[in-house]
1. So residue C:383 fits all but one of (1) part of a loop (DSSP other than H, G, I, E, B); (2) buried (at least 24 other Cβ atoms within 10 Å of the Cβ); what number is the exception?
2. Could we say that residue D:182 is of a type in the set (Val, Ile, Thr), out of contact with any Gly (no Cβ under 8 Å at 6 or more places or on another chain) and under 18 Å from residue D:23 (Cα atoms) here?
3. Collect the residues in region D:145-171 that are acidic (Asp, Glu), outside any helix (DSSP H, G or I) and crowded, with 19+ Cβ neighbours inside 10 Å, keeping them in residue-number order.
4. Kindly provide the set of residues from region B:1-56 that are more than 7 Å from chain C (Cβ to nearest Cβ), under 30 Å from residue C:322 (Cβ atoms) and hydroxyl-bearing (Ser, Thr, Tyr), ordered by number.
5. Could you list, in sequence order, all residues of region C:122-142 that are charged (D, E, K, R) and surrounded by fewer than 20 Cβ atoms within 10 Å (Cβ to Cβ)?
6. Can you go through C:321, C:310, C:338 and tell me which one is within 13 Å of another protein chain (Cβ to nearest Cβ) and farther than 30 Å from residue B:276 by Cα?
7. If you go through region C:340-389, how many residues are in contact with a Ser or Thr (Cβ under 6 Å, 6 or more places away or on another chain) and within 22 Å of residue B:23 (Cβ to Cβ)?
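The values are calculated or read from the model by the stated rules, or taken from the named source; none is laboratory data. All of these numbers come straight from a predicted model, not from anything done at the bench. Here the Cβ positions follow ideal geometry from the backbone for every residue, glycine too, while neighbour counts run over all protein chains shown.
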Amino acid sequence: MAKNKKPTFLSVFLNGLIFENPTFALMLGMCPTLAITIAGSNGLGMGLATTAVLVCSNLLISILRNVIPDKVRIPAFIVVIASFVTMIDLLLKAYIPALSASLGMYIPLIVVNCIIFARAESFAFKNPPVLSIADGLGMGLGFTFAITLLSCIRELIGAGKLFGVEVIRLVLEAGTNWINATFNLELVAPVYQPMAIMTQVPGGFVTLGILLILVNAISNAAKKKAAAKEVQA
Amino acid sequence: MRNNFAVASSPHLRSKATTQRIMLEVCLALAPAGIAGVILFGWRAALLIAVCVTTCIVSELLWQLVTRQKVTVNDFSAVVTGLLLAYNLPASAPVWMAVIGSVLAIILVKQLFGGIGSNFMNPALTARAVLFISWSALMSAADPAPISAIYDPIANFVGKLGAGGIDVLSGATPLNALNAGSTEGLSLMSLLMGTHGGMLGETCAIALIIGGVYLCIRGIADWRIPAAFIGTVFVCYFFMGGAEMALYQLLSGGLLLGAFFMATDYATSPITGLGRVIFGVGCGLLLFVIRAFANYPEGCSFAILFMNVATPMIDRFTMPRPFGEVKKHG
Amino acid sequence: MFGLRMFPGGTHPHERVNGKSVNGGNAIVDLPAPARVVIPLQQHIGAPAKALVKKGDAVLMGQKIGEAGGFVSAPVHASVSGKVVAVEEIEVAGGARTQAVVIENDHQDAWVELTPAAHPETMSAAELQQLIREAGIVGMGGAGFPTSVKLTPAGDKVIRTLVINGAECEPYLTADHRLMLEKAGQIIDGIRLIMLALDVKRAIIGVEKNKPDAIEALRACCTGVGGDGITVMALPVMYPQGGEKQLVYATTRRKVPAGGLPIDVGCVVCNVGTVYAVQQAIREGKPLVQRVVTMGGLVNNPGNFMVRIGTPVSALIEACGGLQNGTKMLISGGPMMGASLHSDEVPVTKTTSGVLALGDEAIDPEENPCINCGRCVKTCPMQLVPARLDLLVRNGDFDQAEKCGVLNCMECGACTFACPAKRLLTQSCRHGKRVISMRRKQEAAKAAAEKAKD
Amino acid sequence: MNTYMTILIGSLLVNNFVMNKFLGICPFLGVSKKFDTALGMGMAVTFVMTAASFVTWIVNEFLLLPFDLAYMQTIAYILVIAVLVQIVEMALKKLSPSLYQALGVYLPLITTNCAVLGVAILNTDEGYNLLESTFNGFCAALGFTLAMLLFACIREKLSLAKMPKWMDGFPGALITAGLMAIAFQGFGGLI
C-alpha cells in the first residue's frame, strides 16, 4: 500500500500501529507483553511508558545517526535507551508509585525490550527525525494497543474486572434486576467465579496464542480479499 | 485366468487390536471406580460423569465438523477423557465447571495439537489442573454432595463396612491429615472401600486396583508405569514414615487413579519400556516431593503433568539401539 | 517359554488364522506338470541368468537353459522336457518384470543325463560348492540368495556353525514342516553335505516347537544316520523366528552386527528346503527344477504340492479345487512378508514357499492416527521404533530416519501387524529404505562422475 | 546450605524464569525449534548469566552503592552485560574455537535477553551476597535451559504431528508453552 509512495509521517505511523504491529506482526517484546498484562491499567501504563522511551530514543538516535560510528552503534543505542528508561523509571516512581510498584522490575527491563532496540537499529538509524518520531509513535501505540487488549481480556476473565471495575458483577446484577422488574420475579443474581488461571502464567501464554490465531485469521482473510480485488481489477 | 487381484505391500495380516477396542477396554476398566463413586457420592457423581462424557464427545464432534476433519468420536477416546476428568472432580463440583473442563480438555489440549495421539499433555489432567488453579475452593473435596435417598441404603451399607460410617464422607481428603503426619481417624478398610473424602472417582482403592490390574493383564497399560510409580512413592514414604505411613499414602488421594489410568495414557508417556520406567519413577518422586513439601496436598496430577512435559525428552534419550548395533563409546 | 531361547520383540500372527486354513497335516502331493511352464531367468538375488536357448529349441528336463550372469547369480534349468516356444518378458511376484523361457511340455519328463556324485565324502569343499552352484540352488526360504555364494567364505571370515532354518514362522505355510517330516533323512544327509562343503563341525536346526513331529523325525534321523555335530533345537513360537538374525541369536546366542551378515559371527544360515535341494543335487545329480509349495487360504482343498518351477499359480489353484468366493488377494509367500500377485498367471519360482488366497482380512484397513501405544516398539525384532520411523519417513526427514536406524528394518511386518491404529509402518520403513538407498546410489554416481572429471 | 537449596529449587523449578517470571521469552520461543540449537542457547545463557551475576554484584557493591549511584543501576548493568558478552565472545574465539563454533551465534542475542538483566536486578533486590548471587544466576540459567530443552523436545515431536495449519509458528508455540506452564504450577509453594 505504502510501498510505492514516499514514506510520509502518516504512512509510517499507521505502518507501526497496524500493518507491522510489534506484537501481532513482528512478535517483538514478548516478555512484558506476557508478564504484566494481568490488568488493563498495567497494560496501558507499560505501553505508554514504552512508547515514551521509544519515541525519545528514536528521535535522539535519528538525530545522532550521522555522528555515531557504525562500529559502536550497539553500545551507543544501549546507553541512549538505558538513559531514557532510567528517566521514565524515576518519573513513574515519583508520580505514579502505584503503577511503578505493580510493574516492578519490568520497567527497568524496558531496556531489553527488543522493540526499542529493533526500531533503533532498523529504522531510526536510517531515517530522518520526523519519520523516526512517527515510527516510534506508531510502534509504541501499536504495542500499547496490543498489550492493553491482552490485559483487558485477561483481567475480564481472570478477575471479572476492567481497569479495576467489577464489570461482570455489575452487568449480572443489572441484568437480574431488569429481569426481576420486568417479569416480576425475585431471582438472585448469579455470582461470577473468576477464572484465576487467566491472570497467571499459563493464561498469559494461551491467551496471546489464541489472540494471535484470530489476528492471523483476520489478516489472512483481508489479504485474500485484497488479492481477489486485484484479480478483479 | 483372473487378473484383478488386489495388490498391496506386505504384511497382509493384521491383529485384532484397534484403537477403538483399546479405548473401550479402558472404559470398561474405569467402570468399577465410577460405580463406586456413584454409590459413595450419590446422584451428583452420576450427573458429573454424564456431563463430562457428553461434553467431551460433543465438543470433539463439533470441532471436527467445524474444522472439516474426519470425525473420530467413534474411537471412544473422548469418552475416556470425559470419564477421567469426571473422576478427578469432587462430587460437589458445579456442572458448569465440568463443562468448561471438558471443553478445555478436548479443544485446547487435544484437538489444537492434532487430535488423538498428538497431544503432549494428558487432556483430562490438564483440564483438572486448570480448574484447580482457577477455582481451588470449588475443587477441594471438603464439601461432598448430599447423598440422595435412592442411594442411601447402599451407601450406608458400604459406609458401615468402613470405619466411621457415612460421616467420614464429609471430611476432607485423608491426605490433609496424613501430610500433617497423623493417621488418626483413618483405617485401611475405609481407604480400600473409599468411604472417605476425595474426588469422586479416586476414593475407592479396590475398584481402581481391579480396573488397573485388568488393564495391565490385558497388556493395554504397560505395567512398568504403575509399578515404577507406586513403587517409588512407597519407597519414599517408607523411608520417611515407615511401612504403615507408606501404605496409607498409597491408598489416599489420586495416586492409584493417576498411576493406573492417567500416567499410562499412551500419547503422553514414553514409547519405550526403559522410558516408561524412568517416567514412572519420575512421577513417583515428584508426587512425593509435591505431597510432602509443596502447597498442594495432592501432587498426583501435577507430577504426571510435569512428566508429560518431560516425555519427549525421555523418548529422545531412551531410543533403543537397533538389534546388533554396537555401542559407539566405551 | 522363558526357558527357551528368545530374540527380543516378536509377535503372534497365528492368532488371525483360523483352524480350517492351517493345513499342517496335508502330505506333499506331486502336482502334475502343466502344459507349459514359464521359467523366469531371474529367480534369485544378483545378476539375471543369461538364456542359453532360443525359440524352437528342444530341451530335456533338467537341462540348463540359463547360465549364471555373474558371481552372485545362479543358473536356471528346464523343469519339463519339450520345446521352447518363447523367450519373453513377463511379470513375476512383486510386480517386477524379467525375461523368461516358455517351454511347451511334451509330457515325456525325459531327464538329461544325470551325474550323481559317487563319493561326496571324498570331494573337496570347492568341488561340492561347484556342484551346488551348477544345480542352480538359491535360498528357498524366500530371499533367493545364491547358496553357493553363501557357502564360499569371503576373505578371512571363519565359519564355525551351520544354522538350519526350519522355523517356518509365517502363518499358513507348512511346506517346510511337511518337508522336514517326510524327507527328514534327506535333510540330515544334506546338512552333512553342506557341513563338508563348509568344513564345519557343528550344525543346529532351529524348529519352532509347534512342530513336535518334525522335531521328532529330525532327531530320529540325526542319531540313526550318524549325524555327528547336528543338533535339533526347539524354539519358541514367535514371529519372526525364521529371520536370519533372530534365528542365529536364538540358536547360538550371537548377535549379528547391525548391517552385517550371519557370517560376521561365524554362522551360515540355510533353509531346510535349500538343504533338501542340495542333497538332491549332490546325491542324485538333479538340478533345482521343483519345490514344495503350500497352497492355502480361501481354496477348497488346501495342501502341499511338489511343483515344477515355472508352473502358473492358476494350475496350483485348480489342483486345490479352485478359489472360494470372497478371494480378494493372491499372495506369493507368507502373509507377513509375501508379495501380492496381480494375476494368477504368475509362475512359481525357486523362492515361492507358498501361495495364499486371502479375503477381506488382507485388504489394508483405513489408517488412523498413531496413539503412541508402543506395540510396534515391543514387537520389533530389530529393536527399532517403527512409529517414529513412520512419521519421519512421511515427513520426508530421511536423514533422521536413517539416524534412527531405518536401514536395519528387515520388513518382517510385525509392527504393521501389531498396530492398533492400522498404520502402514512396515510399508513406510520400506519406502524410507528405498529412498535412502536410491540417494546413496545417486551420490555414489555423482562422486564417480566428479572423479572421472578430475 | 539451606539458602542454597532454596535458591536451587526456587530458581530451577518454582520461580522458573520462563515458566513463572516471563523472562527470556524471546529466545525461548525463537530458538527452540531444534534440540541442538536450544542446547547451544541454553549453554551460552548459562555462561553469561553466571558471569553477569558475579560482575554486576561487584559493580553494585563497589561502584554504585559507595558513590550513591543506585539510580544508575539499569544503565550500569546493561553496559556491564553488553561488555561482558563482548569479552566472552572474544575470549571464546581465542581460547576455545570449538565452543565458540557451538555458542558463537547465540552470544550477540544474549545482550537483549531480559533474563540476564533480570537476574542481575533480582539479585540486587533480594540482597544476595556475592556467592548467592552467582549461584542464583547459575540456577536461574539452568532453569531457563531446562525449560528450553523440554520445550524444544516437545516442539520436535509436535513438528511430526498433524497440527492445524494455523497453529504453526508462534501461536502453537505460545499455547504449548502455556500448557507447559500449567505443569510447572505444581511446584508452587515448594519453598
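1. (2)
2. yes
3. Start the filter on region D:145-171 by keeping residues that are acidic (Asp, Glu), which leaves D:156, D:168.
Okay, now just the ones that are also outside any helix (DSSP H, G or I), so D:168.
None; the set is empty.
4. Correct list: empty.
5. Initial filter on region C:122-142 (charged (D, E, K, R)): C:127, C:133-134.
If the condition is that a residue be charged (D, E, K, R) and surrounded by fewer than 20 Cβ atoms within 10 Å (Cβ to Cβ), then C:127, C:134 are the ones that fit.
6. C:338
7. Qualifying residue count for the region: 4.
Okay, residues lined up against (1) facing another protein chain (nearest Cβ under 10 Å); (2) aromatic (Phe, Trp, Tyr):
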{"position": "B:243", "(1), (2)": "no, no"}
{"position": "B:248", "(1), (2)": "no, yes"}
{"position": "B:257", "(1), (2)": "no, no"}
{"position": "B:266", "(1), (2)": "yes, yes"}
{"position": "B:300", "(1), (2)": "yes, no"}
{"position": "B:303", "(1), (2)": "yes, no"}
{"position": "B:308", "(1), (2)": "yes, no"}
